[in-house]
Amino acid sequence: MTFWQKVSLVAFSVLFVFAVVFSYLINAQIIDRPLKPWHMQPAVDADTLSAEYMSSYKLLDKKSVLRRFADSNRTTVAVLVDGWGVPFDTSLLHGDFAVFQDLPHVDYLHSRLANRTRHAEFSELRVFWDSTTQRNGIYLFGGDSLEYGRNLYVDSLGYNHHIFCQRCGDSAVFALLDSLLSDSLVLGSDSLAQGDSLTRTRDSLNQGRVGVLSATTWDSRDGNRQKLRATLSQVAALARKHPEVRFVLVGSHRPNLGDPKIRRESFAHWVPVTVLN
């Protein structure tokens, strides 16, 4: 065996031993695994609900929440709460639902495969008109209408009108929603609305009862629980003011933005649902 053959054999042996030892240390968790981006990380046991969750809440399959709970005899408001998932810590979700404790409500857990807001909008907010439903719907959004191409695909959700309040936040959207439900449309400025004009929206209301009003929240998307509960509290206030209206709230997916730790402490494919009034 030549000198260089011996060198190659020794180098190969050293690399082989190093690979075996390193693999053992990784699997034994003595060395932390490299953290992959959230969308590439495996969701091991992330869909196995705890016994407490299973016994405390009714479970829903993948059927659209809006189609399941919309009331054809009155106006229904559907709110997709962005970044609202089911946390491993049951007390956190109990605290979320406690916001509605003084209102008639039923809480559920809902299974959804994809963890994307756009998928959730198509799955939960798309309206399918039939002979028993008023063909009169309005979609509202207070975030960035260009994100995910929402301004391009919103028409395919089936609403007669859409109103974009560009980056104005949830409070402005809920104020507009309150005005629509009150049939007053009291706004500070007509420039607030984009998409359909306020005049056309008022004409739509004058033609008859609005069947469905829907909105996707913006403030709660980063997983901040204080912001989330502020959004839920605003919906609760609307439900108290308009007891004649059914409100359907559903989470979009577990928090994908903000602190990765928050995302890793939520179930991968379960979101909360609550039906008010």
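Remarks
- Amide H to amide H distances under 5 Å link TYR139 with HIS161, HIS162, ILE163, SER214, where only residues 5 or more positions off or on other chains count and H is placed in the peptide plane.
- Relative protection proxy for 95-107, 244-256, 223-235, from highest mean packing down: 244-256, 223-235, 95-107 (other beta-carbon atoms within 10 angstrom).
- Taken along the Cα-to-beta-carbon direction at a fixed 7 Å, the label points for SER111 and LEU59 span 0.7 nm.
- Eligible lysines near LYS227 by straight Cα distance, threshold 22 Å, same-chain separation 8 or greater: LYS241, LYS261
- Sequence-distant residues sharing a close amide H with LEU60 (under 5 Å, placed H): LEU109, HIS110, SER111
- Near SER266, the amide H atoms lying under 5 Å from its own belong to PHE88; only residues 5 or more places off or on other chains count, and H is placed 1.01 Å from N.
Only the coordinates and a few stated rules stand behind these numbers; no lab work does. Everything numeric in this text was worked out from a predicted model, so none of it was measured. All Cβ positions, glycine included, derive from the backbone under ideal geometry; neighbour counts span all protein chains shown.
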